[in-house]
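Some notes on the structure that comes next.
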């Protein structure tokens, strides 16, 4: 009876170890991945080049865009400033057409400042929102499916008069603050899309500069086309510069990725979960096997004694 009690006690001990092992493995599976090194498949926010809401044979021979991100107060907020100049050449008769610049942010733009200029003269504009899944968009005559469908698209629309056989410079400027940019995703990923230049005829010479101050992002490009890109140091940060010269404008995204920084506790927890936990699990399995073998031998021995008696 005493030996039988010990066997029951050992079995309860094994059961406790098995339960602990299951709980440990469940903890390992359920705790979210806090790694900040993964690259997302696609951006969730963007700014795009202008495009003409017209079928006229217009050329955009030169573009120059500067986008500034001030992340000194990251991850609480990011200041963003966009300043782009587009040179449009009209070889047809003098005409007035709508020019549109699309963008999408996961934040309210009620406090943003917007300005539009033609040849250094400020002109009025309209701001309106469209949803990319809406197939009955009447404000613009262009297919918007190549944009990301995560958030509504904001369109800045300006009526621009283009003189015959003349180049006009259109400038779009806006700035504002994006609060809590990483949100629950732990990532702020935004690109400048230069594919809208496919709507223009002829070649283009272009330059895009992304200035990043404070916390530094990951710079990158994605798409089809040839860009000459480089990173340069500037006072207080770095600049990512991409250029193309007298060629068909590339259909590409130029962007930045800001990841939320892990706390010291999260770093330690991640190390334990992803480096130490597997070894603990393996050790527990070996312990269970050894104890189970000892129990089997003990039971066989007890049964042999009983049969002998």
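Only the coordinates and a few stated rules stand behind these numbers; no lab work does. Note that the structure is predicted; figures quoted are calculated from it, not measured. FYI the Cβ positions are ideal-geometry reconstructions off the backbone, even for glycines, and counts take in every protein chain you see.
Descriptive notes on the structure:
- Relative contact order of segment 45-259: 30 percent, from C-alpha pairs under 8 Å at least 6 residues apart in sequence.
- Of every Cα-Cα pair in segment 45-259, the percent that sits beyond 22 Å: 50 percent
- Residue order, fewest to most surrounding Cβ atoms within 10 angstrom, among 242, 229: 229, 242
- Placing a label point 7 Å from the Cα of residue 56 along the Cα-to-Cβ direction, the residues of segment 88-117 whose backbone N falls under 12 Å from that point are 88-99.
- Cα-projected label distance for residue 228 with residue 175, points at 7 Å along beta-carbon direction, nm: 3.0 nm
- With both labels modelled 7 Å from their Cα along Cα-to-Cβ, the residue 251 to residue 291 distance reads 6.2 nm.
- A crude spin-label estimate for the pair residue 106 and residue 207, with each label 7 Å from Cα along the Cβ direction, gives 3.3 nm.
- For 187, 127, order by how many other beta-carbon atoms lie within 10 Å, fewest first: 127, 187
- At R0 = 45 Å, FRET efficiency that the Cβ-Cβ distance of residue 159 and residue 216 yields, to 0.05: 0.70
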